[in-house]
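Below: one structure, written as structure tokens.
The values are calculated or read from the model by the stated rules, or taken from the named source; none is laboratory data. Quantities reported herein were computed from a predicted structural model and do not represent experimental measurements. Here Cβ is always computed from backbone atoms with ideal geometry, including for glycine, and neighbour counts include all displayed protein chains. All accessible areas refer to the heavy atoms of the entire protein, side chains included, with ligands and DNA or RNA removed. Shrake-Rupley method; radii C 1.70, N 1.55, O 1.52, S 1.80 Å.
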Amino acid sequence: MTLIEHSDSPRTIRLHARDNVAVVVNDQGVPAGTELVDDLLTLDFVPQSHKVTLVDIPQGGEVIRYGQTIGYALQPIARGRWVNEDQLRMPTAPPLDSLPLSTDVPAAPAPLEGFTFEGYRNADGTVGTRNILGITTTVQCVTGVLNHAVKRIRDELLPNYPNVDDVVALTHSYGCGVAINATDAYIPIRTVRNLARNPNLGGEALVISLGCEKLQAGQVMHDNDPSVDLSEPWLYRLQEASHGFTEMVEQIMALAETRLQKLDLRRRETVPASELILGMQCGGSDAFSGITANPALGYASDLLLRAGATVMFSEVTEVRDAIYLLTSRAETEEVAQALVREMDWYDRYLAKGEADRSANTTPGNKKGGLSNIVEKSLGSIVKSGSSAINGVLGPGERFTQKGLIFCATPASDFVCGTLQLAAGMNLHVFTTGRGTPYGLAMAPVVKVSTRTELAQRWPDLIDIDAGRIATGRASIEELGWELFHYYLDVASGKKHTWAEQHKLHNDLTLFNPAPIT
Ligand code: CA
């Protein structure tokens, strides 16, 4: 990366030697007539994080960023012009039948020894970064009663159990009014099931059921699962109540108290950094995402992998256009083929709705300088760092191995977060350019801004400012290490992210590609 500074300080960033556009760094953009590098004069006002052409691009010519073609010029674009989505034809998605499979696997880097955090060791071998009582549900019908009970548990019981961080209701829209045996119903079902097994719930989740719904409690907390202790009461069905609402709430509170007693006995212990299961995603991306925050995440991800941890990245529509850069990095051909399988499944899922991956980009992305999904994808996959990809999980699947894992999820923030929780993440990191107060109840969320301006406007929402990379105040390496240490401190409970401090969290949102009846 070359950072181009100028005396009167208009600044642009060009990431790759092949790039014929650069991104404007200045908070207020640069006016027409601004002199940039190599006597380049801007012909238009170019807003912050938007692209300016470095050469004359003929009609049909490639516009190149990250060293890759992000579009073709619909009209000639003169050197110095502002390039936006209206001037570009988007390339077609890379065909899935001719991808390089496991052709360029990065060598395993030197292990990073000696890093630890303080976590809660679980019976199934996983480690929690928080000690949370989870109360899951088989159906939306119970939500009102459960939320009422959880409020009372927080107010009346939790203060008596100082070692328990929180009580969380795992409410969702599934369970009844759904085609429970439809081909794709396994996705929401296994998601609900695996959410209750998240390491931060300590293997002690309870189930509240109505009683007559299609999704039965046994499917959520399976009797044959050795990771779940069913020797003590774990289920309450509201339809068993013979005295209405008050009895329901009291029964839930009594059940919760049995688990609070157990959870309260737990203590943090020193565990290796390899027990971290980090889920990464981005939301409200801009053209800085791929320059500042995501490369820093990628660097930290490589460090975590060297320390033996599990790192997940996701968001199928945001890797689809750059998939050739991932299949080549897959540890084995089998892993590469699993990546292709998930892309193909999602292509067909979108086609069923007569959409394609171009539906991903939002008005905010475009305002932030991202012309299309190709440009967004190239900036998004940078999160995955430079390590070999070791495994692939389908939506709602739980992790089974350490290493760098592609967890196939929609890019929608809450859906991706929910599926990464089901996959078993015990810590989440989220990069944002446009800004979002996003949070999750079941895992700490570290929010990283792509721009300093956002971090300054939202100092009590953004945990780490990666905009420092754009202005030369920190290098990608420095910020990568800062993130690595911050992850371990948050995992240990020594630091609490802003989302945690404010108790900001989005609803669990299931991915249900199956029909509703
Ligand atoms: Ca997202």
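Residue by residue, here is whether (1) under 24 Å from R348 (Cα atoms); (2) touching a residue at least 40 places away in the same chain (Cβ under 8 Å) holds:
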site: V142; (1), (2): no, yes
site: H148; (1), (2): no, yes
site: A169; (1), (2): no, no
site: V178; (1), (2): yes, yes
site: A182; (1), (2): yes, yes
site: T191; (1), (2): yes, yes
Exactly one of these conditions fails for P363: (1) open to solvent by 10 Å² or more (accessible area, probe 1.4 Å); (2) under 19 Å from the mean Cα position of the chain (by Cα); (3) within 16 Å of the ligand (Cβ to nearest atom); (4) not hydrophobic (A, V, I, L, M, F, W, C). Give me its number.
(2)
Looking only at the range 397-447, which residues are away from the ligand (no atom under 16 Å from the Cβ), in a strand (DSSP E or B) and not small (G, A, S)?
L404, I405, L427
Selection status of A330, away from the ligand (no atom under 16 Å from the Cβ), more than 25 Å from A443 (Cα to Cα), crowded, with 24+ Cβ neighbours inside 10 Å and in contact (Cβ under 8 Å) with a residue 40 or more places away in the chain:
yes
Which of the residues that make up the range 67-83 are open to solvent by 30 Å² or more (accessible area, probe 1.4 Å) and not in a strand (DSSP E or B)?
L74, Q75, P76, A78, R79, R81
Log entry, pairs with first residue in the range 372-400 being closer than 21 Å to N426 by Cα, second being acidic (D, E) and part of a loop (DSSP other than H, G, I, E, B), beta carbons closer than 7 Å, six or more apart or on different chains, reads I389/E331; N390/E331
Enumeration of residues in the range 378-412 that are over 17 Å from A300 (Cβ atoms), out of contact with any Gly (no Cβ under 7 Å at 6 or more places or on another chain), open to solvent by 10 Å² or more (accessible area, probe 1.4 Å) and polar (S, T, N, Q):
T400, S412
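For P437, state whether it is surrounded by fewer than 24 Cβ atoms within 10 Å (Cβ to Cβ) and closer than 26 Å to R457 by Cβ. Talk me through it step by step, then tell me what you get.
Working: surrounded by fewer than 24 Cβ atoms within 10 Å (Cβ to Cβ): yes; closer than 26 Å to R457 by Cβ: yes.
Yes.
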Quickly run through the range 209-252 and pick out the residues that are open to solvent by 20 Å² or more (accessible area, probe 1.4 Å), at pLDDT 90 or above and of a type in the set (A, V, I, L, M, F, W, C).
L210, C212, W234, L235, F245, M248
Which of the numbered conditions does Y174 fail, given that it passes all the others? Conditions: (1) over 28 Å from the mean Cα position of the chain (by Cα); (2) open to solvent by less than 20 Å² (accessible area, probe 1.4 Å); (3) aromatic (F, W, Y).
(1)
Being among the hydrophobic types (A, V, I, L, M, F, W, C) and open to solvent by less than 10 Å² (accessible area, probe 1.4 Å) is the filter here; which residues of the range 465-486 pass it?
A466, I469, A470, L479, L483, F484
Tell me which residues, restricted to the range 256-293, are more than 16 Å from the ligand (Cβ to nearest atom), open to solvent by 10 Å² or more (accessible area, probe 1.4 Å) and outside any strand (DSSP E or B).
E257, T258, Q261, K262, D264, L265, R266, R267, R268, S274, E275
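Kindly indicate which of A296, A322 is hydrophobic (A, V, I, L, M, F, W, C), within 16 Å of the ligand (Cβ to nearest atom) and either open to solvent by less than 10 Å² (accessible area, probe 1.4 Å) or not in a loop (DSSP other than H, G, I, E, B) (or both). Give the steps one after another, and end with the answer.
Numbers: A296 fails: within 16 Å of the ligand (Cβ to nearest atom).
Of A296, A322, the one residue that is hydrophobic (A, V, I, L, M, F, W, C), within 16 Å of the ligand (Cβ to nearest atom) and either open to solvent by less than 10 Å² (accessible area, probe 1.4 Å) or not in a loop (DSSP other than H, G, I, E, B) (or both) is A322.
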Residues of the range 106-121 satisfying the condition of being under 24 Å from the mean Cα position of the chain (by Cα) and not charged (D, E, K, R)
P106, F115, T116, F117, G119, Y120
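Can you tell me how many residues in the range 299-315 are open to solvent by 10 Å² or more (accessible area, probe 1.4 Å) and either of a type outside the set (K, R) or within 16 Å of the ligand (Cβ to nearest atom) (or both)?
Residues that pass the stated criteria total 5.
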